[in-house]
Amino acid sequence: MAFAGGSADHDRIGFNVRNALERLFPAPCRTFGADLKVRFSETGFFYCDAGVARTDLAPDALFVETPLVVVEVLSRSTRAYDVVEKRAAHRTLAPLQWYVIVHTDIRRIEVDSRSRTSAWATEIVDDGETYLGNGGLSLDAVYARSSLER
């Protein structure tokens, strides 16, 4: 299922997240945005707001099959779907290490991370930063120039 369009805050926050991911996951990883599909089965895929692929992608790639990170920036219209349906489907992807939910009505990031034993744990970040990849993802960076900026 695909949804298009969003608020100015949704767009700004998604842009900020992609910039932060670019810094946290240098080459050969590849940051991607909402135009690429993440495939979770032979016929199933989702669009996400941002993500990181383990390797560079072909110029004509339409799908990401080995995401390391998937980020959903919540919208009122898709909140339940992103938090329940998409979260469950993405967690089935063996390469995925982080599923990140970024709220747009409050300063909150939820980070699902996979342990070495493949168990999932969720961290809720209301202040400061959370560890992803090679460093911290800070709330200040994510919410910069949005209505939730401090």
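FYI, it's all coordinate maths here, none of it is from the lab. The shown structure was predicted, so the numbers you read here are calculated from the model rather than taken from an experiment. Positions of Cβ are backbone-derived with ideal geometry, glycine not excepted, and every protein chain shown enters the neighbour counts.
List of remarks:
- For Ala88 and Arg116, a Förster radius of 22 Å and the Cβ-Cβ distance give a FRET efficiency of 0.55, rounded to the nearest 0.05.
- Within the shell of other residues whose beta carbon sits under 15 angstrom from the beta carbon of Arg79, the net charge comes to -3, with Lys and Arg scored +1 and Asp and Glu -1.
- Within-11-Å neighbourhood charge of His10 [Cβ basis; K, R +1; D, E -1]: -3
- Think of it as helices only: each DSSP H run of n ≥ 4 in the chain is worth -39500 (n - 2.57), and spread over all residues that comes to -4500 deg cm²/dmol at 222 nm.
- Where trypsin sites (Lys or Arg not before Pro) fall in DSSP loop in segment 1-78, at most 15 other Cβ within 10 Å: Arg76
- Among (i) 55, 42, 38; (ii) 42, 32, 29; (iii) 48, 34, 28, the entry that matches Cα extents along the principal axes in Å as calculated here: (ii)
- Segment Asp60-Ser41, extension gain: residue separation times 0.36 nm, minus the distance between their alpha carbons: 4.8 nm
- Three-way shape call for segment 8-85 based on the alpha-carbon gyration tensor, with the a/c threshold at 1.5: oblate
- Mean Cβ neighbour count within 10 Å, used as a protection proxy, ranking 104-117, 136-149 highest first: 136-149, 104-117
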